Amino acid sequence: MEQTNKVRTRGTNVELVFDHLYNEINSLSLLPGTRISEADMAARFGVSRQPVRDAFNRLANLELVIIQPQKATVVRKFSNQAITKARFIRSAIEVEVLRRASAECDNTGAKRLEKCLQKQTKIVDAEDFDAFHEEDYIFHKTLCEIARVPYAFEIISDEKAKVDRLCALSLSGEKRLAQLLDDHKQIADNVVQGNAAKAIEAGRLHLTRLDETINEVLKNHPEYFED
């Protein structure tokens, strides 16, 4: 029992450190290029170095930090190559998700999508950027579930995580929220109607919305890019 409790505690500590750093990095409280010390994190959370090391490894797998042996871990800068790769993978997966969702969507699926859109509308009216970010994930997860490929969301989520922090630097937040909501409505309407071609077209347009943000950030914060 004692060994089980140690394993559980270690796992809990890893999640604690990981969740904190993940949110700090994505919200840009920790800017690209910032050094983070394993020892400092362990002291801050009152844990041993091992769970901090495990949390760093998870962040490195998401390409959010760079682990340097014998040196401080660094919050990874944006990479145009990595962004292009992540968006390509996500686009390929979402095309198939939308194709399947359009074929599989029933009344229950339609109601779930409508519920998502109602929540998003209220959030946009309130200009709650963080809440919209959460609901955006839920919307795409719902589409995967309607398509009967819930496992696809894990891939989509991982690829989204690699570029989401760019959005925190956007200078056009209000405009983007309304635009993204309209995209979601177009996607949902076409999925419910079973129009796969139109749903995919709307989905692809949705993914291009990040182009403006990337160009904007590159222009205003070139120091945050590694290439």
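List of remarks:
- Translational diffusion of region 113-227 was estimated from the Stokes-Einstein equation, with Rh taken as the Kirkwood radius over Cα pairs; at 20 °C and 1.002 mPa s the coefficient is 143 µm²/s.
- DSSP-assigned coil residues among chymotrypsin sites (Phe, Trp or Tyr not before Pro) in region 120-182, each with at most 16 further Cβ atoms within 10 Å: TYR151
- For the chain, calculated [θ]222 nm from helices alone, where every DSSP H run of n ≥ 4 adds -39500 (n - 2.57): -24000 deg cm²/dmol
- Computed packing ranks the peptides 155-165, 61-71 as 155-165, 61-71, most packed first, by mean other Cβ atoms within 10 Å.
- Here LYS141 is the anchor, and the lysines within straight C-alpha reach of less than 20 Å, apart from those fewer than 8 places off in the same chain, are LYS111, LYS115, LYS119, LYS122, LYS160, LYS162, LYS185, LYS198.
- Degrees, to the nearest 10: 129-146 long Cα axis against longest axis of the chain: 60
- When each of THR213, THR73 is scored by the number of other beta-carbon atoms lying within 10 Å, the sequence from fewest to most is THR213, THR73.
- Karplus 3J(HN,Hα) series, Hz, for region 59-70 with 6.51 cos²θ - 1.76 cosθ + 1.60 (x for Gly, Pro): 5, 5, 5, 8, 6, 9, 9, 10, 8, 10, x, 6
Any read-out appearing in this document is the output of simple, stated calculations on the displayed coordinates, not a laboratory observation. Keep in mind that this is a model prediction, so the values were computed, not measured. We place every Cβ from the backbone using ideal geometry, glycine too, and count neighbours over all the protein chains shown.
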